[in-house]
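Here the structure is laid out as structure tokens; the discussion comes afterwards.
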Amino acid sequence: MSDVLSDAGSDSNHDDSQEDVMTPAELIAKLEEAWLNEKFSPELLENKSEVVECVMEQLTHMEANLQRVKKGDAKASVHRMEIDRIRFVLSSYLRSRLQKIEKFFPHVLEREKSRGEGEPSLLSPEEFAFAKEYLANTETYLKAVALKRMPPNLQTVDMLKAVPEPCLDSFVFLRVKERQENILVEPETDDQREYVVDLEEGSQHLMRYRTIAPLVSSGAVQLI
Amino acid sequence: MFCEKAVELIRELHRISDGQLPAFNEDGLRQVLQEMEALYDQNQADVNEAKSEGRAELIPSIKVRHCCLLRDQRCVTAYLYDRLLRIRALRWEYGSVLPANVRFHMCAEENFRMTIVVLSQLQWFSQYKKSLASFMRSLGGGEGLDITQDMKPPKSLYIEVRCLKDHGEFEIDDGTVILLKKNSQVVLGVAWDILSCVCVMSVSLCPQHFLPRWKCEQLIRQGVLEHVVS
């Protein structure tokens, strides 16, 4: 995959002089990492809009390159397939984020509201706009159809209470990318001796999401 | 029993399989709302009595009624929200323009009476489409990406499809325009592992056209094309 990519779009990275220069292969690896994490984590993760933007740039670039290739060239269909695959991963990534936003919209918006100054935003600006519209739209609908016709003290619904929260206690498979020591497995059981494990690099585990959530966002483990 | 009607609404949802939009139970909703009104009126009267005459023994029944009211409210909103999810699924399934029979089903369930329910549903749907469209348009710094495409991982570059109805002209991205006619013979597909020189030959041999898989995904979902699995 990586040769094809660098072949097709190696010159696109030179023109944008950002601080972190990534090769296309690294970029796609980043996208895949974000995609898997997002797919398997029960809650919405931090947005990766720079990656999304770079990949889309890359795709446009590859498409443009393809236009120049002669029809019927064997290389062209290899590239075409590669573009299709990358676009699938990208769409699937954005889809699973959007699904979570729709599923947990009040909580997502609440977290965004209570976010501190310097904290990175969970939602990209586009996703934030979408979530707000979704909330307003749904409230309007509920109001028009039923709430308006209910007794005066019952005409509002607390969305935060009505919509279930993401279940952070669900179990996830993960692969360790950086060795971790003393991870608390059962933080709640304080009467026994605390149960801690070390996570060796490259090992795979099945654990509760809550206990390793910070490691997912720091990139120390990869959900699989 | 209180709340029975409301629970019945929820049960109804359970019985219907995913992906279907059942007829809106307007009658059920009305009955729940009536029950709520009655409960509320009774509560108001009891609250006044409890206050003015100091009858504390009324408080437990007020509380019970209030719980029933909350439960009714919750069931009704759950019922309505579930419908939204089903309508939402239509957008992902069929694209922004719904096929005539689906539209018909959405509107005609109340025998063309444009009730407030139907209107609100349509409004919600068009607003959802708008939000989704502006979200997709703004992706990647304004470049735009249709994320309702590419629903399945690509296995092959081309697929074999059969045309189920007249669709008219269809332009593929290299500018070629092909005519999709009903029953037009199977459009040949090329599996990924076949060398591309083979597919070039077959293009010249048969009059059918090649369709890139990602171009016809939506047409398949709309029922214009049929994926032939050989």
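The values are calculated or read from the model by the stated rules, or taken from the named source; none is laboratory data. Note that this is a predicted model, so its numbers are computed, not measured. In this analysis, Cβ positions are derived from the backbone assuming ideal geometry, glycine residues included, and neighbour counts consider all displayed protein chains. What goes into the accessible areas is simple: the full protein's heavy atoms, side chains included, and nothing from ligands, DNA or RNA. Shrake-Rupley method; radii C 1.70, N 1.55, O 1.52, S 1.80 Å.
Observations on the model:
- For segment A:120-134, taking the residues that are of a type in the set (Phe, Trp, Tyr) and either free of Cβ contacts under 8 Å to residues at least 12 places away in the same chain or facing chain B (nearest Cβ under 9 Å) (or both), the one that is nearest to A:Ser218 (Cα to Cα) is identified as A:Phe130.
- When B:Leu80, B:Leu69, B:Leu90 are checked against the criterion of being buried (at least 16 other Cβ atoms within 10 Å of the Cβ), more than 15 Å from B:Cys3 (Cβ to Cβ) and within 14 Å of another protein chain (Cβ to nearest Cβ), a single residue qualifies: B:Leu80.
- Within segment A:203-224, the only residue that satisfies the criterion of being charged (D, E, K, R) and in contact with a Phe, Trp or Tyr (Cβ under 7 Å, 6 or more places away or on another chain) is A:Arg208.
- Matching entry among A:Leu45, A:Leu66, A:Leu27 (being within 19 Å of B:Gly140 (Cα to Cα), in a helix (DSSP H, G or I) and open to solvent by less than 40 Å² (accessible area, probe 1.4 Å)): A:Leu27
- Scanning segment A:138-158 for residues that are open to solvent by 20 Å² or more (accessible area, probe 1.4 Å) and in contact with a helix residue (DSSP H, G or I) (Cβ under 6 Å, 6 or more places away or on another chain), we see that the one that is modelled with the highest pLDDT is A:Ala144.
- Looking across segment B:116-159, the residues that are of a type in the set (Gly, Ala, Ser), farther than 19 Å from A:Glu63 by Cβ and assigned to a helix (DSSP H, G or I) come down to B:Ser120, B:Ser126, B:Ser131, B:Ala133, B:Ser134.
- Exactly one residue out of B:Phe125, B:Phe135 is free of Cβ contacts under 8 Å to residues at least 40 places away in the same chain, more than 8 Å from chain A (Cβ to nearest Cβ) and surrounded by 18 or more Cβ atoms within 10 Å (Cβ to Cβ): that is B:Phe125.
- Conditions (1) touching a Phe, Trp or Tyr at 6+ places or on another chain (Cβ under 9 Å); (2) open to solvent by 60 Å² or more (accessible area, probe 1.4 Å): number failed by B:Glu12: (2)
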